[in-house]
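The values are calculated or read from the model by the stated rules, or taken from the named source; none is laboratory data. Bear in mind the structure is a predicted one, so any value in this text is a computation, not a measurement. Here the Cβ positions follow ideal geometry from the backbone for every residue, glycine too, while neighbour counts run over all protein chains shown. Heads up: the accessible areas ignore ligands, DNA and RNA and are worked out on the full protein's heavy atoms, side chains in. Shrake-Rupley method; radii C 1.70, N 1.55, O 1.52, S 1.80 Å.
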Amino acid sequence: TQLLEQSPQFLSIQEGENLTVYCNSSSVFSSLQWYRQEPGEGPVLLVTVVTGGEVKKLKRLTFQFGDARKDSSLHITAAQPGDTGLYLCAGDNTGTASKLTFGTGTRLQVTL
Amino acid sequence: DTEVTQTPKHLVMGMTNKKSLKCEQHMGHRAMYWYKQKAKKPPELMFVYSYEKLSINESVPSRFSPECPNSSLLNLHLHALQPEDSALYLCASSQAPDSYQPQHFGDGTRLSIL
């Protein structure tokens, strides 16, 4: 059974601070996705990474896939209240992205 | 606005009731999914439909019965549920099950079992 551990589980920071969320596993993933979920809504895809060592940037968000494709990180620069939400990594090791296993989640709260 | 539409948004039912959750997408996606999400937990995969055929059943109890009438619709029929089945039920779709296309989620149906 795949297991994706995220850390930290909960993070409360002030606007303007930087943060990093980690997603770790002992399994190798053919692709890994990051989602953000807000209360009362479904997860919204932020990025998909498929190549070991890959780095993708989405405005103030930087995503990295580990060289061995077992881990990933999400770095947010100058956090804003709109970044508040549940961040979920999700991995697939079937090569089809059809059977995602979600990470344990990181709940981020950004205050003014 | 999400492109995957789920109805109803909220559902309260007794343990002897029969109800159905509905999911619709018009993006031409050929893979559709049901997930269950408990409070403060990540989504857990229940079923995967690939080209309207059930391809994955994650050992879900038979009181949950999925149905895919056509490529745009996905239903989840509920019967004799237990209080522990109360959760947010999420539907998702992706372009195809054999690609790296991302999954698009609906906003879910919040189900409460009395």
When all protein chains stay in place, what accessible area (Å², nearest 10, 1.4 Å probe) is found for A:ARG60?
70 Å²
At q = 0.14, 0.16, 0.17, 0.18 1/Å the base-10 log of I(q)/I(0) from the Debye formula over the alpha-carbon atoms of the range A:1-84 is -0.49, -0.64, -0.72, -0.81
Would you calculate the volume per residue, in Å³, of the smallest convex hull containing every Cα atom of the protein assembly as shown?
117 Å³
State, to one decimal in nm, how far the label point of A:THR94 lies from the label point of A:LEU58, with both points 7 Å from Cα in the Cβ direction.
2.3 nm
Listed peptides B:36-48, B:60-72, A:80-92 by packing density, highest first (mean Cβ within 10 Å):
A:80-92, B:36-48, B:60-72
Contact order relative to length for the range A:45-93, counting C-alpha pairs under 8 Å separated by 6 or more residues, stands in percent at 24 percent
Relative contact order for chain A using alpha-carbon pairs under 8 Å, separation at least 6, rounded to a whole percent?
37 percent
In the protein assembly as shown, which Cys residues have no partner Cys with a Cβ closer than 4.7 Å?
B:CYS68
Given charges of +1 on the Cβ of Lys and Arg and -1 on the Cβ of Asp and Glu, with all other atoms neutral, how large is the dipole of the range B:1-106 about its Cα centre, in debye to the nearest 20?
320 debye
Within the range A:1-38, list the GluC sites (Glu not before Pro) lying in a DSSP loop whose Cβ has at most 15 other Cβ atoms in a 10 Å radius.
A:GLU15, A:GLU17
Skip the ligands, DNA and RNA, and give the accessible area per residue of the protein assembly as shown with a 1.4 Å probe, whole Å².
48 Å²
Considering the alpha-carbon set of the range B:1-67 alone, what are its Rg and its Dmax in angstrom?
13.1, 36
Alpha carbon convex hull of chain B, volume per residue in cubic angstrom:
98 Å³
Of A:ARG36, B:ARG110, A:ARG107, which has the most accessible area with a 1.4 Å probe, and how do the rest follow in descending order?
B:ARG110, A:ARG107, A:ARG36
Between the range B:1-63 and the range A:51-112, what is the C-alpha centre distance in whole Å?
24 Å
Say R0 is 45 Å: what FRET efficiency, to the nearest 0.05, do A:THR77 and B:ASN17 get from their beta-carbon distance?
0.35
Buried accessible area, chains B and A (both chains, 1.4 Å probe, Å² to nearest 100)
1700 Å²
For the protein assembly as shown, with all protein chains present and a 1.4 Å probe, just round the carbon and sulfur fraction of the accessible area to a whole percent.
49 percent
